[in-house]
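Presented below is the structure to which this report refers.
The values are calculated or read from the model by the stated rules, or taken from the named source; none is laboratory data. Owing to the predicted nature of the structure, the values given are computational and were not obtained by experimental measurement. A quick note on method: Cβ atoms are made from the backbone with ideal geometry, for glycine too, and the neighbour counts reach across all protein chains shown. In case anyone asks, the SASA skips ligands and DNA or RNA and just uses the protein heavy atoms, side chains included. Shrake-Rupley method; radii C 1.70, N 1.55, O 1.52, S 1.80 Å.
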Amino acid sequence: MEAGFYEVKKVDKRTALLVSLKGSSEQYTYPTEYFTHNVNEGDVVEVWQEGTRWRTKYIEEKTHSLSSHTKDFMKRMLDQE
């Protein structure tokens with residue numbers, strides 16, 4: 001896996017299929033439990049490596065799914081309490 005921006009094409013119980021936004025045909029599966037937000041199909045995420053662990057970040061500006069924005073907002077509200 002390479003660091004970069006990916007679109008989530010498919011989500012099942014344990015993994016998500018990530019497709020690179022660089023225009024290449026790179027595809028990777030990533031465990032859903034490692035995402036920092038409630039991942040949905042159509043989300044755009046940034047993936048990078050810190051030491052030996054891969055990290056993700058939800059890219060709000062590039063994600064067009066209303067349900068993803070709603071879930072992210074609710075998670076932020078619950079985290080603040």
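Below is a table of values for the structure above.
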| read-out | value |
| --- | --- |
| Solvent-accessible ranking of Ser20, Ser25, largest area first, probe 1.4 Å | Ser25, Ser20 |
| Distance between modelled label sites at Thr52 and Tyr34, nm, 7 Å Cα→Cβ extension | 1.3 |
